[in-house]
Amino acid sequence: MSTDYPFMLILLGLMLFMACTADTPSIDKPDPDPDPEETVVMAPDIFRASTEGYSCFRIPAVSRTRNNTLLAFAEGRKRNCKDEGDIDLVLRRSVDNGKTWSPLIMVWDDGGNTCGNPSPVVDPGTGRIHLLMTWNLGEDNIGAINAGTSTDTRRVFHSWSDDDGLTWTNPKEITSSVKDPSWGWYATGPCHGIILTKEPYRGRMVIPCDYMEVGTGRKQYSHVIYSDDKGETWHMGGKSLGGNESTVAELSDGRLVLNMRNSIPYRTVAFSSDGGASWSPSRQDYALIDPTCQASILNHTAGGEHLLFFSNAASSKRVNMTLKRSYDNGTTWPASYVVHSGPSAYSDIVMVSDSEVGILYERGVNNPYEKISFEKINKERIK
């Protein structure tokens, strides 16, 4: 037997060890802890019920900043999914076109009170992100507020961000400018606002809203509020009888369309030729079936083509989240795409590019309020 045999065994063992460990990271050099600012949530389900200290997340609104950051707003409802009680207004940011999302950012937490109904609008000149919101005492409910028996009432606030949505100013109350004392429940949005692009109202910020009168025999209205001085002051615009949560868009001829939730199985629409100061009588849009739920409308112009996009739970029940496209200012809606056929409810839409529509919407398997998801759909798929 050769005296080199033990040496060869040792050499062979060493070679096998090196081969097995060559591609294996060292357990003695773990990756450093991730920066909390870099922790991400993957699309599409960016808010989930029973996480992060909240019973559920509801009422989505979405906007794209001048730096192409996507901001996804929602109400974080602490105790349950009801519209009153301890509710915070929160958001997540995406800097990669909606692929990943930041940790939760607190926009407004007022203890046990209700902070919500986000309606964001971005000033393309300054980059400032304006956010209109509503508030009420957590102990007050919708019925008491509308009956006039509540301790307080619904109030309206304005906040803004100059750092791409990372931080927000303390909300400033604007109730006296945009709400009549005879009104009860009031909601901004909930969905994006718009800035008008055509003269003579170019630069006007318009926020869709709704309210209910106080007392017996009360009526409900959709309406808008607006600012002509970059959010410094706010004013009441026109109102439309019978509407509820509403969404607004600018048409190719400069008119505005107010698209409204109602108690009938179709959306209702009204039009304005004076920048939202007044509205035509409302009418039903039989192409837009609706389960008496919130929806979103969005105008977009690219390459000389003016389009309207619309999202809602297109059914008599809160199911079947659908995107629709119109080529003629909403006169007809010949193109549609089903985003989610199951339970779904509130939504908001944004252009993430000239070719893609982003939709932030409530959905689930057993009910619509299990999560809020974000998806991107190429506009050519809406056909």
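Semi-axes of the equivalent ellipsoid of region 48-91: what are they in whole Å, largest first, if each equals the square root of 5 times a C-alpha gyration tensor eigenvalue? Mind showing how you got there, number by number?
Values: eigenvalues 110, 19, 10 Å².
Square roots of five times the eigenvalues give 23, 10, 7 Å.
Using bins 5 angstrom wide from zero, how does P(r) for region 92-131 break down, in % of all Cα pairs?
5, 17, 16, 25, 23, 9, 5, 0
If the only charges are +1 at each Lys and Arg Cβ and -1 at each Asp and Glu Cβ, what is the size of the charge dipole of the chain around the Cα centre, to the nearest 20 debye? Walk me through the intermediate numbers first.
Values: 38 positive and 48 negative charges, 305 e Å.
It comes to approximately 1460 debye.
Can you give the alpha-carbon Rg of region 118-249 over 2.2 N^0.38 Å, where N counts its residues? Spell out each step's value before the answer.
Values: Rg = 14.9 Å, N = 132, 2.2 N^0.38 = 14.1 Å.
Dividing the Cα Rg of region 118-249 by 2.2 N^0.38 Å gives 1.06.
Restricting to DSSP loop positions (anything but H, G, I, E, B) with no more than 15 other Cβ atoms inside 10 Å of their own Cβ, which GluC sites (Glu not before Pro) remain in region 62-168?
On the way: sites: 75, 84, 139; in loops: 84, 139.
Sparse-neighbourhood loop GluC sites (Glu not before Pro): 139.
If you plug each phi of region 152-165 into the Karplus form 6.51 cos²θ - 1.76 cosθ + 1.60 with θ = phi - 60°, what whole-Hz ³J(HN,Hα) values come out, in order, with x for Gly and Pro?
Along region 152-165, the couplings run 10, 8, 6, 10, 10, 9, 10, 10, 8, 10, 10, 10, 6, x Hz.
Normalised by the residues of region 44-381, what does the relative contact order come to in percent, with Cα pairs under 8 Å and at least six apart?
Numbers: 1010 pairs, mean separation 43.8, N = 338.
Relative contact order, region 44-381: 13 percent.
Taking only DSSP H segments of four or more residues, each worth -39500 (n - 2.57), what value at 222 nm results for the chain once the sum is divided by all its residues, to the nearest 500 deg cm²/dmol?
Working: 3 runs with 27 residues, N = 383.
Calculated from helices alone, the mean residue ellipticity at 222 nm is -2000 deg cm²/dmol.
Which order, highest average first, do 99-106, 280-287 follow once you tally other Cβ atoms within 10 Å for each residue and take the mean per peptide? Walk me through the numbers on the way to the answer.
Working: 99-106: 17.5, 280-287: 14.5.
Final packing ranking: 99-106, 280-287.
Going 7 Å from the Cα of residue 78 toward and past its Cβ, which residues in region 160-199 have a backbone nitrogen under 19 Å from where you end up?
Residues passing the 19 Å test: 171.
Within a 10 angstrom radius of the beta carbon, how do 79, 267 rank from fewest other beta carbons to most?
On the way: 79 14, 267 28.
Ascending number of Cβ neighbours within 10 Å: 79, 267.
Just the Kirkwood number for region 191-335, please: inverse of mean 1/r across all distinct Cα pairs, in Å, one decimal. Intermediate results must be reported in sequence, preceding the final value.
Details: mean 1/r = 0.0649 Å⁻¹.
One decimal place: 15.4 Å for the Kirkwood radius.
In straight Cα distance, which aspartates and glutamates are under 15 Å from residue 179, not counting same-chain residues fewer than 8 positions off?
Partners found: 152, 210, 213.
Give me D for region 263-383 in µm² s⁻¹, whole number, from Stokes-Einstein with Rh from the Kirkwood sum over alpha-carbon pairs, 37 °C and 0.692 mPa s. Walk me through the intermediate numbers first.
Working: Rh = 14.8 Å.
In µm²/s, the coefficient is 222.
With axes computed from alpha carbons, what is the tilt in degrees of helix 5-21 against the longest principal axis of the chain, rounded to the nearest 10 within 0 to 90?
Tilt relative to the chain: about 10 degrees.
Given labels modelled 7 Å from the Cα in the Cβ direction, how far is it in nm from residue 367 to residue 292?
1.8 nm
Once you compute Rg and the Kirkwood Rh from C-alpha atoms, what is the Rg to Rh ratio for the chain? The partial results should precede the final answer.
Working: Rg = 25.0 Å, Rh = 22.0 Å.
Answer for the chain: 1.14.
Any idea which of 185, 264, 212 is furthest toward the positive side of the dipole for region 133-287, if Lys and Arg beta-carbons carry +1 and Asp and Glu beta-carbons -1?
264
Report the full-extension gain for the segment residue 96 to residue 42: residue separation times 0.36 nm, less the Cα-Cα distance, to one decimal in nm.
Details: separation 54, 0.36 × 54 = 19.44 nm, distance 1.10 nm.
The span from residue 96 to residue 42 would gain 18.3 nm if fully extended.
So between residue 139 and residue 172, what do we pick up on full extension, going 0.36 nm a residue minus the alpha carbon distance?
9.7 nm
Strictly over 24 Å apart at the Cα level, which of 82/379; 82/317; 198/230; 198/219; 99/230 would you flag in this model?
Working: 82/379 34 Å; 82/317 19 Å; 198/230 16 Å; 198/219 33 Å; 99/230 31 Å.
Pairs exceeding 24 Å: 82/379; 198/219; 99/230.
Can you compute the radius of gyration and Dmax for region 71-170, using only the Cα atoms, both in Å?
Taking only Cα atoms of region 71-170, I get Rg and Dmax of 14.8, 48 Å.
We did not get these values from a lab; they are worked out from the coordinates using the rules stated. From a predicted model like this one, the values you see are computed outputs, not experimental measurements. Here Cβ is always computed from backbone atoms with ideal geometry, including for glycine, and neighbour counts include all displayed protein chains.
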